[in-house]
Amino acid sequence: MSKIRVLIVDDSAIVRKLLAEALSGHDDLEVVGTAPDPFVARDKILALKPDVLTLDIEMPRMDGLTFLKKLMHYQPMPVVVISSLGQAGCQTTLDALRLGAVEVLAKPGGPYSVGELRMDLAAKVRAAAAARLRRAPQPAPAKPEPPPPAPAHNSSAVIAIGASTGGTEAIQEVLTRLPGNCPGIVITQHIPPVFSLHFANRLNELCPMEVKEARDGDMLSAGRVLIAPGNFHMILRKSANGGFRVTVQDGPRVCYQRPSVDVMFSSVAESAGARAIGVILTGMGSDGARGMLKMKEAGARTIAQDEESCVVFGMPKEAIRMGAADQVTPLNRVPAAILSQLGKIAR
């Protein structure tokens, strides 16, 4: 089996060394070179033909975002963005994902440690290597026309969505095409701490419903979307008034992930049962498959994104293999599938 060839692009010699060392202990990965800026990277891409690029966003001579636009236009390849946790870094990283980067990793600092980077980097590179690429940069998102109202449905219904690699763009496509009066939605997307807040804020600007990063104790209600914060599990619980709230908590990684889709789906199965709809979107690995099966066994409706429209057909594939998905559909039909199932939930 051939190794995944990686080129590291970062203006910091210390970071280049750190990333190279983090990948060196894996038999299936090979660092074929490093570059301090996009100009050197351009020459090394042609000479070394890497399978995956790790890319710093903030660099001299040419910033990473400009380089990414050029790269995805002239020579598309899987890119893992390595970014700082500051506000500017987070916003630019979300732009990078929109332009075709397939994974994001935080530079060590604050809530994210060197140890976690070592743990996560290899998995992110593998996911990137397996990704289906878009060949051209996408235009900047514009707020779409509001969709028609949701059909009559059980007011205590819950929609639960899980995603990983490629999920930020997939989630945006789904949410912007759902009406503002949808039942409460809980989302777990594999994303580093701090980035999740900026992701939620961006969606809040684009979607007809309120979108926010979940805080411990937040109530779930119609027209509200709660996104699990990076590095914390989100659990749905029944509240005293008969509705739902979320618990945000630390805990061991599940399927190598925190937040974990399995943790959220399992809690939805227990708390909402047949009043829930589960949706599993693009992503590497198996996180969410077992939780979705629990949802189905509890009477929930379950939907998986199809292979052709996935960036990485890992999580949906595993859910389908386990018999957890009632319905398999392209991404652009997921919103309609959700609305169709809503009307079937008993009042």
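The values are calculated or read from the model by the stated rules, or taken from the named source; none is laboratory data. In this text the structure is predicted, and so the values were computed from the model without any measurement. Note that each Cβ is placed from the backbone with ideal geometry, even for glycine, and that neighbours are counted across all protein chains shown.
For residue 266, indicate whether it is surrounded by fewer than 24 Cβ atoms within 10 Å (Cβ to Cβ) and under 15 Å from residue 157 (Cβ atoms). Explain how you work it out, then say what you get.
On the way: surrounded by fewer than 24 Cβ atoms within 10 Å (Cβ to Cβ): yes; under 15 Å from residue 157 (Cβ atoms): no.
When the stated conditions are applied, residue 266 does not pass them.
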For residue 260: the one exception among (1) surrounded by fewer than 20 Cβ atoms within 10 Å (Cβ to Cβ); (2) touching a His at 6+ places or on another chain (Cβ under 7 Å): (1)
Test for residue 24: is it closer than 17 Å to residue 81 by Cβ and of a type in the set (Ser, Thr, Tyr): no
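Residues checked against (1) buried (at least 24 other Cβ atoms within 10 Å of the Cβ); (2) free of Cβ contacts under 8 Å to residues at least 12 places away in the same chain; (3) under 18 Å from residue 255 (Cα atoms):
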position: 280; (1), (2), (3): yes, no, yes
position: 286; (1), (2), (3): no, no, yes
position: 303; (1), (2), (3): yes, no, no
position: 310; (1), (2), (3): yes, no, no
position: 320; (1), (2), (3): no, no, yes
position: 331; (1), (2), (3): no, no, no
position: 342; (1), (2), (3): no, no, no
position: 345; (1), (2), (3): no, no, no
Members of the stretch 51-67 found to be without any contact (Cβ under 8 Å) to a residue 60 or more places away in the chain and either at positive phi or surrounded by 23 or more Cβ atoms within 10 Å (Cβ to Cβ) (or both), listed by number: 53, 55, 56, 57, 61, 64, 67
Residues (polar (S, T, N, Q) and in contact with a strand residue (DSSP E or B) (Cβ under 9 Å, 6 or more places away or on another chain)) located in the stretch 309-333: 309, 327, 329
Residues of the stretch 308-327 satisfying the condition of being in contact with a helix residue (DSSP H, G or I) (Cβ under 7 Å, 6 or more places away or on another chain) and within 28 Å of residue 79 (Cα to Cα): 309, 310, 312, 315, 318, 319
Qualifying residue in the stretch 169-189 (condition: in contact with a helix residue (DSSP H, G or I) (Cβ under 8 Å, 6 or more places away or on another chain), assigned to a loop (DSSP other than H, G, I, E, B), farther than 20 Å from residue 249 by Cα and among the β-branched types (Val, Ile, Thr)): yes
Residue among 208, 259 that alone is in a loop (DSSP other than H, G, I, E, B), in contact (Cβ under 8 Å) with a residue 24 or more places away in the chain and over 19 Å from the mean Cα position of the chain (by Cα): 208
Flag for residue 252 being closer than 27 Å to residue 193 by Cα, without any contact (Cβ under 8 Å) to a residue 24 or more places away in the chain and out of contact with any Asp or Glu (no Cβ under 9 Å at 6 or more places or on another chain): yes
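Is at least one residue of the stretch 206-224 of a type in the set (S, T, N, Q), surrounded by fewer than 18 Cβ atoms within 10 Å (Cβ to Cβ) and more than 14 Å from residue 160 (Cα to Cα)?
Within the stretch 206-224, the first condition is being of a type in the set (S, T, N, Q), and the residues that meet it are 221.
Subsequent filtering for residues that are surrounded by fewer than 18 Cβ atoms within 10 Å (Cβ to Cβ) retains 221.
So of that shortlist, the ones also more than 14 Å from residue 160 (Cα to Cα) come out as none.
No, the stretch 206-224 contains no residue that is of a type in the set (S, T, N, Q), surrounded by fewer than 18 Cβ atoms within 10 Å (Cβ to Cβ) and more than 14 Å from residue 160 (Cα to Cα).
Results for (1) assigned to a helix (DSSP H, G or I); (2) closer than 14 Å to residue 160 by Cβ, shown as yes or no for each residue.
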{"residue": "265", "(1), (2)": "yes, yes"}
{"residue": "287", "(1), (2)": "no, yes"}
{"residue": "291", "(1), (2)": "yes, yes"}
{"residue": "295", "(1), (2)": "yes, yes"}
{"residue": "299", "(1), (2)": "no, yes"}
{"residue": "304", "(1), (2)": "no, yes"}
{"residue": "333", "(1), (2)": "yes, no"}
Given (1) modelled with pLDDT of 85 or more; (2) among the charged types (D, E, K, R); (3) under 30 Å from residue 336 (Cα atoms), number of the condition residue 120 does not satisfy: (3)
Residues (surrounded by fewer than 19 Cβ atoms within 10 Å (Cβ to Cβ) and of a type in the set (Gly, Ala, Ser)) located in the stretch 176-202: 180
